[in-house]
Amino acid sequence: QVQLVESGGGLVRPGGSLRLSCEASGRTFSGYGMAWFRQAPGQERECVAVIRWTVIDKYYLDSLRERTTISRDNTKNTVYLQMNSLKPEDTAVYYCAQTSGIYDSKISTDPRSYAYWGQGTQVTVSS
């Protein structure tokens, strides 16, 4: 059974930074793509960032591209999301997710590509 456990969320002041972590267990990690999604109150879930199993192939939401970095450490089965210059509109529950298929041939922002999800971690940027 695959489990994803997020950590690192919390309360941060506008302009501050957070690094979210997601540790995976239950199957081999390095061959699967990882993604971060977020969902704000009353809003649809949106893809924030993706890192493929190739590591070098990444996707970022346009509004976060200049201040967000996704990375992974395959020795720790962990994916990270570094967020800087946080804004109140970044307030949301952030979820990590893992692709269903190994060695996927393309990057995907489609939630249907991700079979496993964490429980989410709350990020609140005060205003």
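The values are calculated or read from the model by the stated rules, or taken from the named source; none is laboratory data. Quick caveat, the model's predicted, so the values are computed rather than measured. A quick note on method: Cβ atoms are made from the backbone with ideal geometry, for glycine too, and the neighbour counts reach across all protein chains shown. Note: areas computed on protein heavy atoms with side chains; ligands, DNA, RNA excluded. Shrake-Rupley method; radii C 1.70, N 1.55, O 1.52, S 1.80 Å.
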Expected output for the range 99-121 (first residue in a loop (DSSP other than H, G, I, E, B), partner basic (K, R) and open to solvent by 30 Å² or more (accessible area, probe 1.4 Å), Cβ below 6 Å, 6+ apart or cross-chain) is I107/R52
Single unsatisfied condition, Y32 versus (1) assigned to a strand (DSSP E or B); (2) closer than 17 Å to L4 by Cα; (3) open to solvent by less than 60 Å² (accessible area, probe 1.4 Å): (1)
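Would you check if L11 is farther than 17 Å from Y103 by Cα, modelled with pLDDT of 95 or more, open to solvent by less than 50 Å² (accessible area, probe 1.4 Å) and hydrophobic (A, V, I, L, M, F, W, C)?
No: the conditions fail for L11.
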Exclusive hit being in a strand (DSSP E or B) and surrounded by fewer than 21 Cβ atoms within 10 Å (Cβ to Cβ), set R38, R27, R19: R19
Criterion: modelled with pLDDT under 95 and either at negative phi or open to solvent by less than 70 Å² (accessible area, probe 1.4 Å) (or both) - qualifying residue of D90, D104: D104
The range 46-57 residues that are farther than 14 Å from T78 by Cβ, paired with ones that are of a type in the set (D, E, K, R) (beta carbon under 6 Å, 6 or more apart): V48/R38
Please verify whether the range 45-67 includes one or more residues that are at pLDDT 95 or above and among the polar types (S, T, N, Q). no
Test: residue in the range 46-53 that is within 11 Å of the chain's Cα centre (by Cα), among the acidic types (D, E) and open to solvent by 60 Å² or more (accessible area, probe 1.4 Å): yes
